[in-house]
Amino acid sequence: MHKLFTGLCVTLLSIQSVAMDKDHYKSHHYRSNSFVTVEVEGLVLSNFQARSSIGQMKNSSAYGEIQSNTTDRLIQASSSVAAVVEVHEHINDHGIIRMRKVEGGLALEANQSMIMKPGGYHIMLISLHKPLKAGDTMDLSLKFESGKLIGLSIPVVSVKNMHH
Ligand SMILES: [Cu+2]
């Protein structure tokens, strides 16, 4: 009986270490859920990701980089996961960091990366229909002043796995 118990413990331990190795592999070496760069209509879209929901919070945000071969503006974003989607920026309002909607959209200079990242420009997902879970993907449509309309499928990533 004593021997059997020891054997069981060893088995449990080895299953656990295999599971941990698998997670480590997934998050650092092979991200099956990472965004693959999209090149379409003179645009290069890369590093898109959305932050997974924190608790019951109804809002989250998405980030990514856009490079256009012409001057353009990102004027609108939308998704089926949230009631309202807005392009936001962070501003320093007398020492208090606030965020607000970017009026007129985000300017894209020809052949220069416009980077949306935590603490800077971002796509705000307001009134999520359900929590965003790490490992899921969500749809994101981007509308440009030039008339281009791009539909993306972007990964949902937990804060600790986000690359900035
Ligand atoms: Cu915001």
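Going by neighbour counts of Cβ atoms within 10 Å, the residues Ser80, Ser158 line up, fewest first, as Ser80, Ser158. At full extension, Gln76 and Ile150 could sit 25.6 nm farther apart than now, given 0.36 nm per residue minus the alpha carbon distance.
Values in this text are rule-based calculations from the coordinates and carry no lab data. Quick caveat, the model's predicted, so the values are computed rather than measured. Quick reminder, even Gly has a Cβ in these numbers, built from the backbone with ideal geometry, and neighbours come from all protein chains shown.
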